[in-house]
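Structure first, commentary second.
The values are calculated or read from the model by the stated rules, or taken from the named source; none is laboratory data. This is a predicted model, so every value here is computed, not measured. Positions of Cβ are generated from backbone atoms using ideal geometry, with glycine treated the same way; all protein chains shown enter the neighbour counts. The accessibility values were calculated without ligands, DNA or RNA, using every heavy atom of the protein model including side chains. Shrake-Rupley method; radii C 1.70, N 1.55, O 1.52, S 1.80 Å.
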Amino acid sequence: MIIKNKMIRSTMLILILSAIAKILSFFVRIIMGRTLSSEAMSYYSLAQNTMIFIITLAQMGIPMALSKVIAQNPKYFRHLKAGITMTLFNNIILTFSFILLIPLLAKMIYGNSMIIPVLWAIVPLIPLVSF
């Protein structure tokens with residue numbers, strides 16, 4: 001009975017925190033849309049797809065797999081250590097690759113060098129979101 005209650009509480013906590021994050025994101029986007037010029041907002045919209053793709057590559061599904069393994073195994077320290085090591089290694093490679101590809105992306109894919117600062121703003125998000 002205790003396990004079920006703990007699982008229900010954990011699930012409810014995750015749902016509530018996820019809803020709070022979505023609501024905060026909603027307000028941030030409204031404020032950003034009102035503050036930025038239309039040109040800056042279009043650069044943000046262009047870079048947002050790249051940001052989502054890079055973050056997906058950086059995470060590699062590790063958070064979901066790690067949470068499943070930890071839920072099934074009470075001795076989770078070894079799995080947590082392996083997940084953090086894999087994430088760290090992946091983020092180092094991906095961050096440096098993305099830094100090298102920023103000028104190429106801006107010129108060949110986006111066709112505008114004005115998007116380079118927006119792409120540079122994505123760089124610190126890669127390890128922050130993964131960890």
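Take the conditions (1) of a type in the set (S, T, Y); (2) open to solvent by less than 90 Å² (accessible area, probe 1.4 Å); (3) without any contact (Cβ under 8 Å) to a residue 12 or more places away in the chain; Y76 misses just one of them, which is (2). Going through region 96-131 one residue at a time, which ones are aromatic (F, W, Y) and either under 16 Å from M51 (Cβ atoms) or not in a helix (DSSP H, G or I) (or both)? Those that are aromatic (F, W, Y) and either under 16 Å from M51 (Cβ atoms) or not in a helix (DSSP H, G or I) (or both): F98, Y110, W120, F131.
Looking across region 57-67 at every residue that is more than 30 Å from M114 (Cβ to Cβ) and surrounded by 11 or more Cβ atoms within 10 Å (Cβ to Cβ), the one that is modelled with the highest pLDDT is identified as M60.
Looking for whichever is assigned to a helix (DSSP H, G or I), within 25 Å of L46 (Cβ to Cβ) and either open to solvent by less than 60 Å² (accessible area, probe 1.4 Å) or among the aliphatic types (A, V, I, L, M) (or both) here; the options are I84, I93. Which one fits?
Working: I84 fails: within 25 Å of L46 (Cβ to Cβ).
So the residue among I84, I93 that is assigned to a helix (DSSP H, G or I), within 25 Å of L46 (Cβ to Cβ) and either open to solvent by less than 60 Å² (accessible area, probe 1.4 Å) or among the aliphatic types (A, V, I, L, M) (or both) is I93.
As a summary of the residue check, T87 satisfies the conditions (1) touching a Ser or Thr at 6+ places or on another chain (Cβ under 7 Å); (2) farther than 21 Å from S130 by Cβ except for the one numbered (2).
For region 7-21, state whether one or more residues are in contact (Cβ under 8 Å) with a residue 12 or more places away in the chain and surrounded by 11 or more Cβ atoms within 10 Å (Cβ to Cβ). Give the derivation first.
Kept after step one, since they are in contact (Cβ under 8 Å) with a residue 12 or more places away in the chain, are these residues of region 7-21: none.
No, region 7-21 contains no residue that is in contact (Cβ under 8 Å) with a residue 12 or more places away in the chain and surrounded by 11 or more Cβ atoms within 10 Å (Cβ to Cβ).
Applying the criterion of being small (G, A, S) and part of a helix (DSSP H, G or I) to the residues of region 48-65, the residue that is farthest from A106 (Cα to Cα) is A65.
Run I54 past the list (1) in contact (Cβ under 8 Å) with a residue 24 or more places away in the chain; (2) among the aliphatic types (A, V, I, L, M); (3) open to solvent by 100 Å² or more (accessible area, probe 1.4 Å) and report the number of the one that doesn't hold. Among (1) in contact (Cβ under 8 Å) with a residue 24 or more places away in the chain; (2) among the aliphatic types (A, V, I, L, M); (3) open to solvent by 100 Å² or more (accessible area, probe 1.4 Å), the lone unmet condition for I54 is (3).
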